[in-house]
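The values are calculated or read from the model by the stated rules, or taken from the named source; none is laboratory data. These figures come from a predicted structure and were not determined experimentally. A quick note on method: Cβ atoms are made from the backbone with ideal geometry, for glycine too, and the neighbour counts reach across all protein chains shown.
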Amino acid sequence: MLQGVLLTIAFFFYAGLMYKQKISSVLALLAMALTFGAICAIPVSGKTGMVQIIASGSIMLADAMVAVVFGAWLGEIMNETGITRDIIRRAAELGGDKPVILAILMASTVSILFTSLYGLGSVIMVGTLVLPILSAAGINPLAAGVIFIFSRSVGSCMNMVNWQLFMNISKVPVEPIRLFSAFAMAVCFLGVLSFIFIELRKPRTTWSAPNLTGNLSGISVKKVPALALLTPLIPFPFVILLKWPIVPALLLGCIYGVLTTNPRDSLRVLSKTVHDGLKAGAPAIVLMIAIGIVLKVVANPAVSSSLAIIMKPIAPTGAMSFFLFFVLLAPLALYRGPLNPFGLGSGVLALLIATQGVPAAALVAGFITCQAIQNTADPTNTHLVWTSDFLGLETNDITRKVVPYIWAVAAGSIAVATFMYF
């Protein structure tokens with residue numbers, strides 16, 4: 001019991017350091033893993049020692065790391081070949097100067113793009129195009145920022161890189177993850193639509209982005225072939241219908257994007273973008289190395305048995321407790337909290353699965369929902385920091401504005417998960 005209490009104190013200590021941004025997530029997770037090992041007296045060497053835990057944990061999420069690389073590569077190809085710009089331009093032309101219609105089209109476009117795009121570079125690329133378009137229609141900066149960030153989260157629900165991470169952590173196969181992600185994406189998109197219809201009824205103002213023209217004519221890009229516009233969607237039928245693994249499907253999307261835009265220059269584009277993709281995916285890969293080490297430490301019997309004593313009283317054991325647990329605690333995904341799957345939450349997910357109180361697929365669904373809150377409202381996210389800075393806002397302005405909407409989305413998604421698994 002004492003070890004369980006000490007582990008819990010250590011857990012929240014490092015969560016607090018991340019919350020106050022005193023230490024990076026990677027260093028906090030590594031320090032937490034070492035602290036857990038010290039509390040539970042795990043030996044330094046041996047088959048179950050800390051040296052072996054670090055070695056095996058660092059490659060535990062190798063599949064997810066490779067998926068990050070190929071997902072980021074596909075995103076860089078779409079940026080380099082002009083596919084991303086042309087998709088946004090066509091959506092802007094359809095919307096014209098009608099703010100609600102334009103906002104819906106931009107939200108739909110960003111959602112589709114981020115089923116494949118990955119990394120801060122892609123956020124900057126898309127944001128510098130989409131945000132001025134929204135402002136040109138008189139949408140105020142705060143609403144424009146929320147629409148952009150919210151829509152990115154919609155697409156992330158169906159991003160295969162995220163699927164691979166949850167598969168690695170939970171050992172749940174891709175099919176239930178894909179199925180729930182599709183429902184979560186639909187509920188999240190309804191949240192974006194609700195925001196647009198509620199917030200855009202308010203008085204409109206104009207705004208000009210720094211160093212940008214702030215109007216639709218500012219987007220001057222070459223058209224790509226119509227078939228190339230399908231690039232972000234190419235991997236899905238191969239994973240969903242043909243049951244391909246995720247990485248080959250992403251690689252096929254990369255090849256398709258190059259061949260349908262500039263086949264004569266395909267080798268140069270592939271060579272350039274693979275390096276850019278590695279750079280874009282590097283922060284996520286380093287974080288996954290730390291997450292893998294934490295998962296290995298938590299899986300050690302000395303640690304897991306001690307934490308189980310603390311976790312068991314609060315772990316969901318049925319439909320109602322599952323629903324209340326995730327709906328009420330979902331905001332703990334913010335500020336790198338204990339329900340953030342890209343951090344401390346990965347260890348919590350593993351522990352909850354170990355209690356066997358509810359199906360593992362249901363717990364994954366709960367954490368997919370928490371990830372949507374984290375993606376949309378966590379002010380420590382680099383994409384939210386960049387968006388706020390670009391719009392001249394405080395980071396917490398977007399958080400405060402979007403939390404009521406994304407929390408409602410979380411409740412809806414958890415209701416769907418409850419119906420599916422109980």
What are the pairs, 6+ residues apart or on separate chains, where a residue within the range 140-165 that is in contact (Cβ under 8 Å) with a residue 24 or more places away in the chain has its Cβ under 7 Å from a residue that is of a type in the set (Lys, Arg)? Asn140/Arg204; Leu142/Lys401; Val146/Lys401; Trp163/Arg178
So which residues in the range 353-367 are closer than 15 Å to Phe422 by Cβ and in contact with a helix residue (DSSP H, G or I) (Cβ under 6 Å, 6 or more places away or on another chain)? Val358, Pro359, Ala360, Ala361, Ala362, Leu363, Val364, Ala365, Gly366
Only one of Ala92, Ala33 is over 30 Å from Ala15 (Cβ atoms), buried (at least 21 other Cβ atoms within 10 Å of the Cβ) and small (Gly, Ala, Ser), namely Ala92
Apart from one, (1) over 30 Å from Pro359 (Cβ atoms); (2) modelled with pLDDT of 85 or more; (3) in a helix (DSSP H, G or I) all hold for Gly191; the odd one out is (1)
Just wondering, is there one or more residues in the range 294-303 that are modelled with pLDDT of 80 or more, part of a helix (DSSP H, G or I), charged (D, E, K, R) and surrounded by 21 or more Cβ atoms within 10 Å (Cβ to Cβ)? yes
Checked the range 294-308 for anything closer than 13 Å to Gly49 by Cβ, within 27 Å of the chain's Cα centre (by Cα) and of a type in the set (A, V, I, L, M); matches are Val297
Which ones in the range 381-396 are within 20 Å of the chain's Cα centre (by Cα) and in contact (Cβ under 8 Å) with a residue 12 or more places away in the chain? Thr382, His383, Leu384, Trp386, Thr387, Ser388, Thr395, Asn396
By residue number, the members of the range 382-414 that are out of contact with any helix residue (DSSP H, G or I) (no Cβ under 7 Å at 6 or more places or on another chain) and buried (at least 16 other Cβ atoms within 10 Å of the Cβ) are none
Just one of Ala137, Ala182 is farther than 28 Å from Pro341 by Cβ and touching a residue at least 24 places away in the same chain (Cβ under 8 Å); which is it? Ala137
Of the residues Ala228, Ala209, which is modelled with pLDDT under 90, over 18 Å from the mean Cα position of the chain (by Cα) and surrounded by 14 or more Cβ atoms within 10 Å (Cβ to Cβ)? Ala209
Checked pairs for the range 74-96, first under 17 Å from Cys254 (Cα atoms), second small (Gly, Ala, Ser) and surrounded by fewer than 20 Cβ atoms within 10 Å (Cβ to Cβ), C-beta under 8 Å and 6 or more apart or across chains, list as Gly75/Gly121; Glu76/Gly121; Asn79/Gly121
Out of everything in the range 13-26 that is in contact (Cβ under 8 Å) with a residue 60 or more places away in the chain and part of a helix (DSSP H, G or I), what residue ends up being surrounded by the most Cβ atoms within 10 Å (Cβ to Cβ)? Tyr14
Please specify each residue of the range 6-35 satisfying the condition of being modelled with pLDDT under 85 and farther than 18 Å from Ile289 by Cβ. Leu7, Thr8, Phe11, Phe12, Ala15, Gly16, Leu17, Tyr19, Lys20, Gln21, Lys22
Within the range 236-272, count every residue that is outside any helix (DSSP H, G or I), among the aliphatic types (A, V, I, L, M) and either touching a residue at least 12 places away in the same chain (Cβ under 8 Å) or crowded, with 17+ Cβ neighbours inside 10 Å (or both). 0
